[in-house]
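The values are calculated or read from the model by the stated rules, or taken from the named source; none is laboratory data. Computed from a predicted model, the values in this text were never measured in an experiment. So basically every Cβ, Gly included, is an ideal-geometry build from the backbone, and we count neighbours across all protein chains shown. Please note that ligands, DNA and RNA were not included when accessible areas were found on the heavy atoms of the full protein model with its side chains. Shrake-Rupley method; radii C 1.70, N 1.55, O 1.52, S 1.80 Å.
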Amino acid sequence: MQRLTILLIGLVFTLTSCHSYQMLTQDMVEQYNWSENELKQIQFYSSEDIVLRQVQRGKRTTIEDGEVSVQTGKDIREIVIKKGTQGVMLFQPSKNQIAVSFDAEDDSKFLIFGPNPKADGRYLLLASEWDKRKGKVTYGSTKYYVNANRLLSGLMVDIKRKDITKFNSKQAKGRKVGQ
């Protein structure tokens, strides 16, 4: 009877982990095959400060004693979303776009992000209209402008990577002639 004795020396797991904030990309979404429901479970972070600004100009005239007095002014409203502010996905307005809210109290206040092929597929802030200097976004029911350089603001995710190495070692006892 032939016997081959195999001795299992060990099974070793090497486990290392590391947190790192990375820009959300279309490749990442496709690689991990994230569904809309899974995307809603991910904590997002703003990659840059996002400053939404609304400027209303006004003129008011008064006529006193035959003289016309004209007052001009500006009313500036600003919303600042600081770099690293946490956000959650509310819904997908269309394929490859996500609506993210950074507001803790109002789900109608969100911004739309989508992959930009000119930026390696990173999910960046999208504007409904834009020119070289500013883009127009809707936040709640109000239109705001964002500087064009802020259109490079995107979404980051906290990726905790684990590398697992399995090591199996076997040793044969040997075999003699005639066995």
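Can Ala172 be described as at pLDDT 80 or above and either polar (S, T, N, Q) or over 24 Å from the mean Cα position of the chain (by Cα) (or both)?
Taking the combined requirement at face value, the residue satisfies it.
Looking only at the stretch 51-64, decide whether some residue is among the acidic types (Asp, Glu), out of contact with any strand residue (DSSP E or B) (no Cβ under 8 Å at 6 or more places or on another chain) and at pLDDT 95 or above.
No, because not a single residue in the stretch 51-64 is among the acidic types (Asp, Glu), out of contact with any strand residue (DSSP E or B) (no Cβ under 8 Å at 6 or more places or on another chain) and at pLDDT 95 or above.
Could you check the stretch 39-75 and list, in sequence order, the residues that are of a type outside the set (D, E, K, R), over 16 Å from the mean Cα position of the chain (by Cα) and within 21 Å of Ser141 (Cβ to Cβ)?
Of everything in the stretch 39-75, those that are of a type outside the set (D, E, K, R), over 16 Å from the mean Cα position of the chain (by Cα) and within 21 Å of Ser141 (Cβ to Cβ) turn out to be Val51, Leu52, Gln54, Val55, Gln56, Gly58.
Of the residues Ser94, Ser47, which is touching a strand residue (DSSP E or B) at 6+ places or on another chain (Cβ under 6 Å) and over 15 Å from Tyr144 (Cβ atoms)?
Result of the check over Ser94, Ser47: Ser47.
How do the strands (runs of 3 or more DSSP E) wholly within the stretch 63-179 filter down when requiring 2 or more residues that are among the charged types (D, E, K, R), open to solvent by 100 Å² or more (accessible area, probe 1.4 Å) and more than 16 Å from Tyr45 (Cβ to Cβ): which remain?
Those strands (runs of 3 or more DSSP E) span 67-81, 155-172.
Of the numbered conditions (1) in a loop (DSSP other than H, G, I, E, B); (2) of a type in the set (Asp, Glu); (3) over 22 Å from Tyr145 (Cα atoms), Asp27 fails exactly one; give the number of that condition.
(1)
Going through the stretch 68-111 one residue at a time, which ones are more than 28 Å from Asn37 (Cβ to Cβ) and of a type in the set (Val, Ile, Thr)?
Val68, Val70, Thr72, Ile76, Ile79, Val80
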